[in-house]
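One structure is given here, and the rest of the page talks about it.
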Amino acid sequence: MSTYDLIVIGAGPGGYVCAIRAAQLGLKVACVDGRDTLGGTCLNVGCIPSKALLHATHLLHESSHNFDRMGLTGGRVKVDWTKMQGYKAETVAGNTKGIEFLFKKNKIDWLKGWASIPEAGKVKIGDEVHETRHIVIATGSVPAPLKGVEVDNGSGVIVDSTGVLTLPKIPKTMVVIGAGVIGLELGSVYARLGTEVTVVEYLDTITPGMDGEVQKQFQKILSKQGLKFVLGAAVKGASVSRGKATVTHTLKKDDSEHQITADCVLVATGRLPTVEGLGLKELGVETTERGFVKIGKDWSTSVPGIHAIGDCVPGPMLAHKAEDEGMAVAEVIAGKHGHVNYDVIPSVIYTTPEVASVGLTEEAAKESGRKLRIGKFPFMGNARAKAMLQADGFVKLIADAETDRILGCHIIGPNAGDMIHEVCVAMEFGASAEDVALTCHAHPTTSEAVREAALACGDGAIHV
Ligand code: FAD
């Protein structure tokens, strides 16, 4: 048995970042995870493997759609699926080993196994009980099940976000249930590989919660890329026969029943917190109706000495939100001031084009009763985007008409996921649209489109 200042349960982006920051602040730290490798969902079966596949298939798409136009000729690029899987695995291993290195560097004990909390101040792994002054629960989330649709990742026929990353072969046809970020990113991967992808979504729009104008443009662009959409459709169930799955859904508009048969079905209808086996109920740690750990100020749970962060607590299920909470809770435990600004958490969809947003959507900003100034700039007016043959999309900046303070930004276009951070920094500093408009931006960059949108909030953009 060892005694620690802090034991973090879960080594995902929330947990491992928390462990590193706490060790940097002088605490004796251990981090426990039941997986064989560090990095949690994000590094092992989430952000990183999906981005490796998105990157490779983006290049494939470029090769067949834009290379010829740019004078890059030669044989058609072929896909070696086994090799692509190897590249993905290598990317994952490089990243998970990187965390292992950081743990050693920061003298963090990596405890392997599934943990429970018999009482505050104790963490049990197998037969071993470790004592600790503080516990941080960072146990993340798992794909949510869908009634009537049984996932069997091993079969490769009905799979979730984990199974879809390692399909034995590229399916000819695929049904994606759920038009959220994960469904659209992974649906895009297979569409680019030649799979006929149909996305079935319960709501009448894709990417729920996103700015309405962006939703519409995004759906148009994805449709042009070959993805089919069935919106307003409630999936009733799925059956498997001879290696294919048939999905039954009813259309909400007329209650008519329909079936789609495909080689593969991806269930991407959200994620649920992983809290089973921790013993929270017995401990008296309160959870919400959906099973998320309830937290108060400073990420503390209802039991003193136990904190919780990341996907297992309410809020956006994003790696960088988990990381921010990880750093902040470590600071709190070390007696400092931890801070997360929940109003400025960007979200990105890594399709082509990328979609990125931060702050209020136009709909939410209008609902708040404020008078708005909205500046929009199309990438058609951006020289760099045109040179990249990626001029679809726009930047939309939303400012308060009275104060000119930036309230939100929504970008659909090349490099959107990187460009959004300029606006995040501006928002953190309470900047006005004019502050961004007056800032010199290098030419030619896609970031100039952000400045043009800021100019459009005032006297007008130049290149439209
Ligand atoms: P997790 O990363 O889920 O880590 C929790 C860890 O806790 C796991 O390793 C688990 O094994 C361990 N654990 C659970 N219970 C126990 C226990 N009792 N004992 C020991 N260990 C335990 N987010 C982004 O921001 N950007 C993206 O591009 C992105 N892409 C994604 C793509 C996919 C396909 C998926 C599925 C998710 C994606 N996400 C993305 C979401 C992101 O992965 C999560 O928000 C993030 O991993 C949450 O971090 P976390 O530390 O809270 O939990």
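The values are calculated or read from the model by the stated rules, or taken from the named source; none is laboratory data. Predicted model only: the values in this text are computed from it and were never measured. Glycine also receives a Cβ, built like all others from the backbone with ideal geometry; neighbour counts cover every protein chain displayed.
Points to keep in mind about this one:
- Restricting attention to the stretch 39-79, the residues being under 30 Å from T132 (Cβ atoms) and either in a helix (DSSP H, G or I) or free of Cβ contacts under 8 Å to residues at least 60 places away in the same chain (or both) number 8.
- The residues of the stretch 429-448 that are crowded, with 16+ Cβ neighbours inside 10 Å and hydroxyl-bearing (S, T, Y), listed by number, are S432, T445, T446, S447.
- Strands (runs of 3 or more DSSP E) contained entirely in the stretch 239-332, each with at least 2 residues that are at positive phi: none
- Members of the stretch 392-405 that are among the aliphatic types (A, V, I, L, M) and surrounded by fewer than 20 Cβ atoms within 10 Å (Cβ to Cβ): A401
- For the stretch 1-38, residues that are aromatic (F, W, Y) and in a strand (DSSP E or B) total 1.
- Filtered residue count, the stretch 154-181, keeping only those that are surrounded by fewer than 21 Cβ atoms within 10 Å (Cβ to Cβ) and either under 18 Å from K236 (Cβ atoms) or free of Cβ contacts under 8 Å to residues at least 12 places away in the same chain (or both): 1
- Search result, residues across the stretch 319-363 that are of a type in the set (V, I, T) and touching a Cys at 6+ places or on another chain (Cβ under 7 Å): V329, V344, V358
- Which listed residue is at pLDDT 95 or above and not in a strand (DSSP E or B), from K376, K396, K386: K386
- Scanning the stretch 231-251 for residues that are under 13 Å from V200 (Cα atoms) and surrounded by fewer than 18 Cβ atoms within 10 Å (Cβ to Cβ) turns up L231, G232, A234, K236, G237, T246, T248, T250, L251.
- Filtered residue count, the stretch 182-202, keeping only those that are surrounded by fewer than 18 Cβ atoms within 10 Å (Cβ to Cβ) and either in contact with a Gly (Cβ under 7 Å, 6 or more places away or on another chain) or modelled with pLDDT under 95 (or both): 0
- Residue match in the stretch 1-18 (condition: under 25 Å from V129 (Cα atoms), among the small types (G, A, S) and surrounded by fewer than 22 Cβ atoms within 10 Å (Cβ to Cβ)): yes
- With a requirement of 2 or more residues that are among the aromatic types (F, W, Y) and within 19 Å of G40 (Cβ to Cβ), none of the strands (runs of 3 or more DSSP E) lying completely within the stretch 85-126 satisfies it.
- All positions within the stretch 252-288 that are surrounded by fewer than 17 Cβ atoms within 10 Å (Cβ to Cβ) and hydroxyl-bearing (S, T, Y): S256, T261, T288
Matching residues to (1) among the hydrophobic types (A, V, I, L, M, F, W, C); (2) within 16 Å of the ligand (Cβ to nearest atom); (3) surrounded by fewer than 14 Cβ atoms within 10 Å (Cβ to Cβ):
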{"residue": "L25", "(1), (2), (3)": "yes, no, no"}
{"residue": "T37", "(1), (2), (3)": "no, yes, no"}
{"residue": "H65", "(1), (2), (3)": "no, no, yes"}
{"residue": "M70", "(1), (2), (3)": "yes, no, yes"}
{"residue": "K83", "(1), (2), (3)": "no, no, yes"}
{"residue": "E90", "(1), (2), (3)": "no, no, yes"}
{"residue": "L102", "(1), (2), (3)": "yes, yes, no"}
{"residue": "K107", "(1), (2), (3)": "no, no, yes"}
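- Subset tally (residues that are buried (at least 20 other Cβ atoms within 10 Å of the Cβ) and in contact with a Lys or Arg (Cβ under 9 Å, 6 or more places away or on another chain)) for the stretch 131-146: 5
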